[in-house]
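Asks: Mind looking over this structure? Questions follow.
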C-alpha cells in the first residue's frame, strides 16, 4: 500500500512540474518534504518516468544536503551554525534541545519522531540563534523555549500549529537611503521601457554604472546587452535568491517586503533582453518566503504585469517560476545555479561559454542578484542621475549591508557606496571591535587599523555581509567555522577545492587545539596558495581566504597558539591508544604515550 | 672515535624488505663501510640509538613502541629518512585502516581460523596498537623520502652516495617507483 | 586559419577550435593530466593541466588556443603545484601501490613520477571504501578512484549505458553504479564497454589478470608518461589474456 501512495504522490508532482527532467530537483524537494526522505522506490520510479538514468537521480539526491535517502525525523530540526548564531548561544540551545529529546545531535531518534542537527547560516544573523523546523525558519531561539518545543514534538503537534511568534522574521531595517526611501509604483519601470525603448533604457543602465549586488560587481548593462544580442530561440531571466553567503540577509528583506520591485526589475530585464521565461532561484532556507512570492507573482499576473501581453503590449510575454534550492551554497555561483535550475548537481560550468550566450538549457541567460534587479527597476524609473547621486565613481548607488555580531543594533542598513567601516560601526553601536568580517566566509577580516577603508567595489566589495567581533571574541573560532563551512560546501568537482578544504580545516583544527607548529602554518600557506590558483571556481579560489587572510592580518592569533617545537604529530598520540586501552583493559604506564612532537 | 658518518636504521611496521634492499647494494657495502659507521640497526643489534648523522626508518607507525623508537631516532639523528612504501604512506599494513582496531584484533585473536585459547593479548610487555596505522611523517619531521616496495638497492646507494658527498639528491627516472 | 602560440618557449601550431591541450598533444608536447582523454569532452577537474596563459592560471584542457598566447607549463612553480595536487589525490584515497594490479601501468603513478613526487607528505584520510567484485569479468576498487569522471563519460557518451555517476559532495564525492543493488554485477556493464578501458588508475580492472608483466617491463617502468603516453592508449582486453 505504501508504495502505491509514493508513486501516486510522485505522479501528482510530475504532473505539477510538467514531466520535465529539468524539474527533477523540485520534485525531489517535495518528496523529501512529504516523506522525510527520498525512498529507493521514488528514485527508481522518477528515473523511469523521466527517462533519465537511475544514477543521475541518486547523484542528485547525494549532492544536496537537504535531500536524504535515510529517513529524517517527522520533525527535522536544523540549527543555524554560523559563527554569529554561535555567538548568540545557538549551540547551547541545540545541545539542550537534543538532550531533552533524547537524540544525539546530527542524528534521527530511533522512533523516527525527530532529527536535530546543524546547518550553516540560515540568513538570520540579526535575529538568531535561528533554526529550521521542517524547512521553516524559527528566530531568536532561547533556552526557555525548549520545554515547549519538546512538548509540541512529543505531542505530535503539526509545525503549522506551533506558536506563530516563533516564526516571525523581522525586517529590521536600521537605515534607509534612496533605494528603500523612494517609492516605485507597480509597472512604472515596465512602462518606462515600453515608452523610451530598449536602447534608451540600456543607455540609462549604462550611465547609472549599476554593478552586480551579489558581490562580484559585474556591470549589469554588460550582461543585459550581450544577452539581448546573443542568438537563441528564447532568452531567460534568472533572479539569484540563493543568499547563502554567511552573514548576508538582505535578499530576505527584499523578497519579503519589496518582492514587487524585484519582480518589476526582472520583467524590465525580460523586456530588454527579450526573454519569455524567468526564474527565481530561492535558497531552500527561505522556504518561508515561498508562499508570499507565489502570491506576488499571481497578483502581478492578475494585474497584467506578468504573463501574456504584459501591459497590453502584444508579444510581451514573460512569466516567472520559483525554483527552490536544497542546501548547497555553491548554487549561488551563477553557472552552478543554472545547473541546479536544470535539475542537476550544482557544479560550476566551464566558461566560456558564459550564461549570457549559453545559460539555462543552452539559452542566453541573465543571472542577477535580487538587489540588482530591484536597483535596475528603480533606475528604470528614476534615471541614472538619481542613482549616481549616491556612491563613488566606480561604485555608484547604495548597498544594503547586513550587520550582525557584536553591536547594539544589528540589522539591515542601506548606505551609499564609499561608506567607511568606521562609520558603519559607529552607526550600529559597536564597541571595542577586534575585527569586522566583510563579505562573508570568503571575504576579508578587517583589523581596526583598516577601519578607514570603504565599502565599495574598488576597496571592500561585499554582497552585504558585515560581521562584527569585539575584543572578547576568539577570532579563530570564526576562522574554524568558515573553514568547516567550506569543507561542507565544496562541490567536490575539482581536486584543489575538494581535498584542499579538508586539508586546511585539519591543519587549522590543529592550531585551534594548540598542537600546531610553524611547519603547519607553512603547509597551510602552500595548500591555500594552490587552491587560489588552481580551483575551478570562485568558491575554491577564495575558500582559503579566511585562513590566509587572518594569518596575514592577525598573526598573533596563530603565533600565541603555536608550539615551540619544530614539529608536532598530525594526531593526538595518546588518544590514538584509547581504543586499544579499552579492548585490553590496560591502563599501565606503557599503555600511554607522553608528549607530542620532537 | 672516527669521523665516519654515523647511521642508524630501524624497521617499524614493515617487513624488513627495505633492510634487505640495503644489503642488496652487494659489494658496494664495503665502500659504504669505509664511509659510515652503523649505530643501532638490526645488523649491529645495538638496542639504543646514539647521536647519529643519519637515521633511516622502514615501516609505518602501528603501535606505541613504534612511536617511541621513531621519536628517539628523530631526537638523535640529524637527518631522518623515510624508506619505503610503508613508512611513506602506510603501505600494506595500512590496509588495516579500513577496519576498526577491534575488528582487527577480534579477527586475529578470537574468530580467526585455527585460533586456540582465544583471547586478545593484554600483557603490559606487548606494545598497544594505535587506532590507525600512520606514515612516519605524520609523527615526526622527515627530511628525505625514498619510495619503493622496497626501494631498489641502486636507489638507496645513489641516495647515500649523494648525501654523504654533499651533492644534491637526484634520481634517474628508473630509480623512483612506488612499488 | 591556423595559428601559433608558445608553450615554454616552443612554438605550437593550432587549428581553430583546438584547446591548448589539443594543440600541445598534436605537437608532441606533454602537459600532465589525469581526467583528460582526447576521445572525450574535456572535464577540467583534476587540475593537473593547470598552466599559465599570459600569466593567468587556467586548465589547458578547456582553454581555447589563441594566437600569440604565451603558455608556461613546466616552470618550477607549476611543477610544485602539480606535486601538491598529486599528493592531494594520493592522500584522499587508499593508494597501496605494492598491492595494486595496475601498478606500473597506472597513470596516477606515472604522472607523479614525471612530476618528481617522492611521497604524499600530507595527512592521509584513509577513507572507508569498498571493493566490488560482483561482476564476473571486472572488479571495481573504490579505494583507488580519483573521480576523473572518465568511466562516467565513456559509459554515457560511448556505451550509451549510464552505468556510472558521481554522487555525494565535496570530500564525500564518490562513484556510484546504476543497478538495483548498486553492485557492478547487477548492472549493464560489460568488459567490452568503453568504460572498462578508460580508467587511468586501478579502480576499474579486468578480473583474473594481474602482475603478469615483470617489474622492469611494465608500461611506465622504463620511460615516463610524457614519452609513453596515456594508459588508455594501451587497452588490455579480456581476450588478450
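Values quoted throughout were computed directly from the atomic coordinates according to the rules given, and no laboratory measurement underlies them. Keep in mind that this is a model prediction, so the values were computed, not measured. Cβ coordinates were reconstructed from backbone atoms using ideal geometry, including for glycine residues, and neighbour counts include every protein chain displayed.
Asks: Measuring from label point to label point, each 7 Å out along Cα→Cβ, what is the residue A:113 to residue C:70 span in nm?
Replies: Using points 7 Å along Cα→Cβ, the separation is 7.1 nm.
Asks: Could you work out the relative contact order of chain B, using alpha carbon pairs under 8 angstrom and six or more residues apart, expressed as a whole percent?
Replies: Working: 322 pairs, mean separation 45.1, N = 179.
Relative contact order here is 25 percent.
Asks: Pairs of Cα atoms under 8 Å, at least six residues apart: use those to get the relative contact order of the stretch A:485-577, whole percent.
Replies: Relative contact order for the stretch A:485-577 comes out at 34 percent.
Asks: So for each of A:275-283, B:13-21 I average, over its residues, the number of other beta carbons within 10 Å; can you give me the resulting order with the highest mean first? Working shown, then result.
Replies: On the way: A:275-283: 22.7, B:13-21: 20.0.
Peptide ranking by packing, descending: A:275-283, B:13-21.
Asks: A further question on this structure: Please compute the length gained on full extension between residue A:183 and residue A:426, using 0.36 nm multiplied by the number of residues separating them and subtracting their Cα-Cα distance.
Replies: Taking residue A:183 through residue A:426 to full extension adds about 84.7 nm, to one decimal.
Asks: Determine one quarter of the surface area of the Cα convex hull of the stretch A:182-318, which equals its mean projected area, and express it in nm² to one decimal.
Replies: On the way: hull surface 34.7 nm².
Taking a quarter of the hull surface, the average projection is 8.7 nm².
Asks: Based only on the alpha carbon positions, what is the Kirkwood hydrodynamic radius of the stretch C:135-241, in angstrom?
Replies: When all Cα pairs of the stretch C:135-241 are included, the Kirkwood radius is 14.8 Å.
Asks: Angle, helix C:76-92 long axis vs. longest principal axis of chain C, Cα atoms, 0 to 90°, nearest 10?
Replies: 10 degrees
Asks: Give the Rg (one decimal place) followed by the Dmax (whole number) of the stretch C:80-209, computed from C-alpha coordinates and expressed in Å.
Replies: Just the Cα atoms of the stretch C:80-209 yield Rg and Dmax of 14.6, 44 Å.
Asks: Another question about this same structure. For the stretch A:454-598, take the alpha-carbon Rg, divide it by the Kirkwood Rh, and send me Rg/Rh.
Replies: Ratio value, two decimals: 1.06.
Asks: Something else about it: Shielding of A:48-57 by partners, i.e. mean partner chain Cβ atoms within 10 Å per residue?
Replies: On the way: counts 0, 0, 0, 0, 1, 8, 9, 16, 6, 3.
Per residue, the average neighbour count from other chains is 4.
Asks: Then there is this: Along the Cα→Cβ direction, 7 angstrom out, place labels at residue A:556 and residue B:35. What is the inter-label distance in nm?
Replies: With each label placed 7 Å out from Cα toward Cβ, I get 5.1 nm.
Asks: Whole number please: convex hull volume per residue, Cα atoms of the stretch A:255-328, in Å³. Provide the component values of the computation, followed by the final result.
Replies: Working: hull volume 5.8 nm³, N = 74.
Given the Cα convex hull of the stretch A:255-328, per-residue volume reads 79 Å³.
Asks: Now for a separate question. Suppose R0 equals 35 Å. What FRET efficiency, 1/(1 + (r/R0)^6) with r the Cβ-Cβ distance, do residue B:79 and residue A:69 give to the nearest 0.05?
Replies: Values: r = 51 Å, r/R0 = 1.47.
The computed FRET efficiency comes out at 0.10.
Asks: To check my understanding: the extent here is largest minus smallest coordinate of the Cα atoms along each principal axis. What are those three numbers for chain A, in Å, largest first?
Replies: Sorted largest first, the three principal extents are 88, 67, 47 Å.
Asks: Could you work out how far helix A:475-489 tilts from the main Cα principal axis of chain A, as a 0 to 90 degree angle to the nearest 10?
Replies: Around 70 degrees separate the two axes.
Asks: Would you mind computing Rg(Cα) / (2.2 N^0.38 Å) for the stretch A:2-63, counting N as its residues?
Replies: Here the answer is 0.96, to two decimals.
Asks: To continue, here is another question. Based on the alpha-carbon set only, what is the convex hull volume of the stretch A:216-278 divided per residue, in Å³?
Replies: 94 Å³
Asks: OK, next. Going from the alpha-carbon gyration tensor of the stretch B:132-179, what semi-axes, largest first and in whole Å, does one get by taking the root of 5 times each eigenvalue?
Replies: 21, 15, 8
Asks: Still on this structure: If packing is taken as the average number of other Cβ atoms within 10 Å across a peptide's residues, how do C:168-177, C:131-140, A:57-66 rank, most packed first?
Replies: A:57-66, C:168-177, C:131-140
Asks: Can you quote the Å³ per residue value for the convex hull of the Cα atoms in chain B, rounded to an integer?
Replies: 136 Å³
Asks: Using a Förster distance of 60 Å, how high is the FRET efficiency between residue A:176 and residue B:170, based on the Cβ-Cβ distance and rounded to 0.05?
Replies: Between residue A:176 and residue B:170 the formula returns 0.30.
Asks: Next question. Can you give the Rg to Rh ratio of the stretch C:1-132, both from alpha-carbon atoms, with Rh computed by the Kirkwood formula?
Replies: Details: Rg = 16.2 Å, Rh = 15.9 Å.
Ratio value, two decimals: 1.02.
Asks: What is the gain in length, in nm to one decimal, between residue B:3 and residue B:99 on full extension, counting 0.36 nm per residue of separation less the C-alpha to C-alpha distance?
Replies: Between residue B:3 and residue B:99, full extension yields an extra 29.8 nm.
Asks: Can you order the peptides B:131-139, B:143-151, A:183-191, A:331-339 by their average number of other Cβ atoms within 10 Å per residue, highest first?
Replies: Those peptides, ordered most packed to least, come out A:331-339, B:131-139, B:143-151, A:183-191.
Asks: Quick one: the Cα spread of the stretch A:148-262 along its three principal axes, in angstroms, biggest first?
Replies: 61, 36, 27
Asks: Here's something else I'd like to know. Per Stokes-Einstein, at 20 °C and 1.002 mPa s, what whole-number D in µm² s⁻¹ belongs to the stretch C:3-74, with the Kirkwood radius over Cα pairs as the hydrodynamic radius?
Replies: 183 µm²/s
Asks: Now for a different question. Relative contact order for the stretch A:175-388: what is it in percent, counting Cα pairs under 8 Å that are at least 6 residues apart? Intermediate values should be presented prior to the final figure.
Replies: Details: 391 pairs, mean separation 67.9, N = 214.
For the stretch A:175-388, the relative contact order is 32 percent.
Asks: For the stretch A:1-111, what is the largest minus smallest coordinate of the Cα atoms on each principal axis, given in angstrom and ordered from greatest to least?
Replies: 47, 31, 23
Asks: Shifting gears a bit: In peptide C:44-54, how many Cβ atoms from other protein chains are near each Cβ within 10 Å, on average?
Replies: Taking all residues of C:44-54 together, the mean is 4.
Asks: Let me ask something else. Rg to Rh for chain C: what is it, with Cα atoms only and Rh by Kirkwood?
Replies: Using Cα coordinates only, the ratio equals 0.97.
Asks: List residues of the stretch B:67-100, by number, whose backbone nitrogen lies under 12 Å from a label position 7 Å along Cα→C-beta of residue C:131.
Replies: B:95-96
Asks: Taking all pairs of distinct Cα atoms, average 1/r, flip it, and tell me the Kirkwood hydrodynamic radius of the stretch B:82-179 in Å to one decimal place. Mind showing how you got there, number by number?
Replies: Numbers: mean 1/r = 0.0619 Å⁻¹.
One decimal place: 16.1 Å for the Kirkwood radius.
Asks: How much mean residue ellipticity at 222 nm does chain A get from its helices, if each DSSP H run of length 4 or more adds -39500 (n - 2.57) and you divide by all residues, to the nearest 500 deg cm²/dmol?
Replies: Helix contribution divided over all residues of chain A: -12500 deg cm²/dmol.
Asks: Counting only DSSP beta bridges with both residues in chain A, tell me the antiparallel percent, nearest 5.
Replies: Taking every DSSP beta bridge within chain A, about 45 percent pair in antiparallel fashion.
Asks: Given a Förster distance of 45 angstrom, what is the FRET efficiency for residue C:217 paired with residue A:44, based on the Cβ-Cβ distance and rounded to 0.05?
Replies: Efficiency for this residue pair is about 0.40.
Asks: Using a 10 Å cut-off on Cβ to Cβ distances, tally the other chain neighbours for every residue of B:85-91 and report the average as a whole number.
Replies: Details: counts 5, 2, 1, 6, 11, 4, 4.
Rounded to a whole number, the mean comes out at 5.
Asks: Note the direction-averaged projected area, equal to a quarter of the hull surface, for the Cα convex hull of the stretch A:398-473, in nm².
Replies: 4.3 nm²
Asks: Hey, another quick one. Based on the Kirkwood radius over alpha-carbon pairs, what is the Stokes-Einstein translational diffusion coefficient of the protein assembly as shown at 37 °C with 0.692 mPa s viscosity, in µm²/s?
Replies: Values: Rh = 31.1 Å.
Approximately 106 µm²/s, per Stokes-Einstein.
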